[in-house]
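Reading through the structure tokens given below for one structure.
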Amino acid sequence: MERNDIAAVLDEIATLLELTGENPFKIRAYSSGARVLEGLAEDLDVLIAEGRLADVPGLGEALVEKITVLRRDGALPFHQKLRASVPAGLLEVLQIPGLGPKKVRALWKELGVEDLAKLKEVCEAGAVAELKGFGAKTQTKILEGIKNRVAYGKRHRWYQAAAVAEPILAGLRALPQVVHAESAGSLRRNRETVGDLDFLVASSDPAPVMDWFVARPGVKEVTAHGETKSSVRFENGLQADLRVVPAAQFFFALHHFTGSKEHNVAMRHRALGRGLSMSEWGFKPVDGGTVAPGAASEEEVFRALGLPWIPPELREGNGEIEAAEAGALPDLVRHEQIRGVFHNHTTESDGDATLEQMAAAAEGRGWEYLGVSDHSKSSFQARGLDEARLAAQVAAVARLNASGRFRVRVLAGSEVDILRDGTLDFADDVLAGLDFVVASVHNLFTLDREAQTARIIRAVENEHVDMLGHLTGRLINRREPYEVDIPKVIDACAANGTCIELNANPWRLDMDWRWWRHAAEKGVLCSINPDAHDVEQLGFTEHGVRVARKGWLTAGQVLNTRPLAGVLDWLGR
Ligand code: DGT
Ligand code: CA
Ligand code: CA
Ligand code: ZN
């Protein structure tokens, strides 16, 4: 078992012990042991082999033994026994926002709550509001949390859906019966989450295509298996539809099933104005005539309505048809236009790759620059750097650049914590010595909207802050954004010439695509930042580009499409 998975088991043991009412010291030993393990500077295997794990501060004898067993066997009898002593459904109950182990234990012992269904029941009966330490407000919040969880269960993050779709699409295209194959729907529109997959195929011989589709590995249930449409559900809960149409109809169907519904409505309206009714089957003259334009490409569908092709990611009914008509569609930013990235972590804080490994990987991607911004000291759980360690890192970056080992230029920065009052975790003179500064919120997510907005704006106003990190703190399907007045923050960024980050981590995609067009119109620059914690995660940049496109952004509106000289010039340092 890997180090971080072992830490997760230790955390779960701590949680289970709390649920069973163990003494607080024992509980804390496990959770702090998990933190120690995550922050281990030395290789775990070396420490175990040399019998030095017990020398690590914060790891007692009991923990050393359990970590060793987990590393060796991948499982721990103590953990399994503990798990068996607590209703399995309680771990799900624990995931409801606002419910920690203490509260869950009370619900379990006082009201017999053993799973989410029972929790919902006792909330609706009003019993939770009566419980000591809870109250009506908590009860309402719990019900809301249960509702969100159900809603989340139905949608999948884009990249998970894409991972399922890619091999299927490639397989469909390789079938001899298939003329065209595309995936449509929200996946093609680059939405952040996908409800279900919508495959579309042109073929005059659908049966073998359908048979192939319903027999995909990972298909758990076939809910329809017909001549024109089949539907399946995969093991991870994702559903997929496949529609097979004659080739002449394909591009109309592709347009229709790409959506969005709002876009389709606007297109149909436009068609009617030209005497045509429009559907997934094609055009039909409204006056009962028989001659209507066909389409041998999606371009031709749009052209028949006097429009240029509209990229799928813009088809949300947000004025894309008007822009197309006016010849004002944006020339959307492309992945190959990215010349480097800011906001990446190394082993100095919570990253898994060294400075040199990150530089080598950035160079391998053909980038001109790599910004390194480890956490600052207040983020102690992420081994944030204090002033001395930061200075040492800046010196290490300078040495690396001077060594000529890499062509890529490493920029020394910091992801500095925004403190409660909007001041920063480092003094101005420290920040002034860096190549760039990303300021981020990492705590106090429950501040009210006014206080949260005020502290972020204060940070944005600091002249040393170049960009604002993950603006809302959301984790898609997992954590709601904190309360913050986004338009106000955008205005502050515009007024102070501060960039807003498009955090490309697929959990975050923050700031959300819905705000970028507005921000860009206000003159705010976007920086597409992978927030990479290892070399693989530099690839997150691609997700960021996808969101930027969905947000109507052009290369000119994205800082890191600029060459090194342009970036240094903008940073003005
Ligand atoms: P999803 O699956 O919830 O992430 O979102 P979509 O956009 O993939 O929606 P889905 O799978 O229900 O349908 C695919 C596309 O088919 C949708 O974007 C537009 C089209 N469509 C579906 N139902 C309707 C409808 O009632 N009216 C119109 N105009 N288009 C529809
Ligand atoms: Ca869909
Ligand atoms: Ca669908
Ligand atoms: Zn961060």
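The values are calculated or read from the model by the stated rules, or taken from the named source; none is laboratory data. This one's a predicted model, so the numbers in the text were calculated from it and none came from an experiment. All Cβ positions, even for glycine, are placed from backbone atoms using ideal geometry, and neighbour counts span all protein chains on display. Keep in mind that these areas ignore ligands, DNA and RNA; they rest on the heavy atoms of the full protein, side chains included. Shrake-Rupley method; radii C 1.70, N 1.55, O 1.52, S 1.80 Å.
A single member of V69, V64 is within 16 Å of D5 (Cβ to Cβ), more than 33 Å from the chain's Cα centre (by Cα) and not charged (D, E, K, R), and it is V69. Taking each residue of the stretch 226-242 that is in a strand (DSSP E or B) and among the basic types (K, R) and looking for partners that are open to solvent by less than 70 Å² (accessible area, probe 1.4 Å) and within 16 Å of ligand 4 (Cβ to nearest atom) with beta-carbon atoms closer than 7 Å, six or more apart or interchain, yields nothing. Note on the stretch 233-259: residues that are within 15 Å of ligand 2 (Cβ to nearest atom), open to solvent by 10 Å² or more (accessible area, probe 1.4 Å) and at pLDDT below 95 total 4.
Looking only at residues of the stretch 170-193 that are within 16 Å of Q239 (Cβ to Cβ) and open to solvent by less than 30 Å² (accessible area, probe 1.4 Å), we find that the one that is farthest from ligand 4 (Cβ to nearest atom) is A184. If the condition is being within 26 Å of V558 (Cβ to Cβ) and either within 16 Å of ligand 1 (Cβ to nearest atom) or open to solvent by 10 Å² or more (accessible area, probe 1.4 Å) (or both), then the stretch 358-380 contributes A360, A361, E363, G364, R365, G366, W367, E368, H375.
Across the stretch 318-349, what is the number of residues that are open to solvent by 40 Å² or more (accessible area, probe 1.4 Å) and not in a helix (DSSP H, G or I)? Adding up the residues that qualify gives 10.
Just so you know, in the stretch 250-300 the residues that are basic (K, R) and within 36 Å of the chain's Cα centre (by Cα) include one that is nearest to ligand 3 (Cβ to nearest atom), and it is K261. In the condition set (1) in contact with a Gly (Cβ under 7 Å, 6 or more places away or on another chain); (2) closer than 30 Å to E280 by Cα; (3) open to solvent by 50 Å² or more (accessible area, probe 1.4 Å), R383 is compliant with all but (2). If you filter the stretch 41-91 down to residues that are assigned to a helix (DSSP H, G or I), open to solvent by less than 60 Å² (accessible area, probe 1.4 Å) and touching a Lys or Arg at 6+ places or on another chain (Cβ under 7 Å), you find that the one that is nearest to G384 (Cα to Cα) is L44. Restricting attention to the stretch 194-232, which residues are within 14 Å of ligand 3 (Cβ to nearest atom), open to solvent by 20 Å² or more (accessible area, probe 1.4 Å) and touching a Phe, Trp or Tyr at 6+ places or on another chain (Cβ under 8 Å)? The answer is D198, and nothing else. Pairs linking a residue in the stretch 253-265 that is outside the structural domain of R188 (by TED's automatic domain parsing) to a residue that is of a type in the set (V, I, T) and within 13 Å of ligand 3 (Cβ to nearest atom), with Cβ atoms under 9 Å and 6 or more positions apart or on different chains, are N264/T258.
Could you tell me whether the stretch 109-132 includes any residue that is assigned by TED's automatic domain parsing to the domain that holds N236, more than 16 Å from ligand 4 (Cβ to nearest atom), outside any helix (DSSP H, G or I) and surrounded by fewer than 17 Cβ atoms within 10 Å (Cβ to Cβ)? Within the stretch 109-132 (the criterion being assigned by TED's automatic domain parsing to the domain that holds N236, more than 16 Å from ligand 4 (Cβ to nearest atom), outside any helix (DSSP H, G or I) and surrounded by fewer than 17 Cβ atoms within 10 Å (Cβ to Cβ)), the answer is no, since none of the residues qualifies. Of L169, L175, L187, all but one fail to be farther than 23 Å from R478 by Cβ and within 16 Å of ligand 1 (Cβ to nearest atom); the exception is L169.
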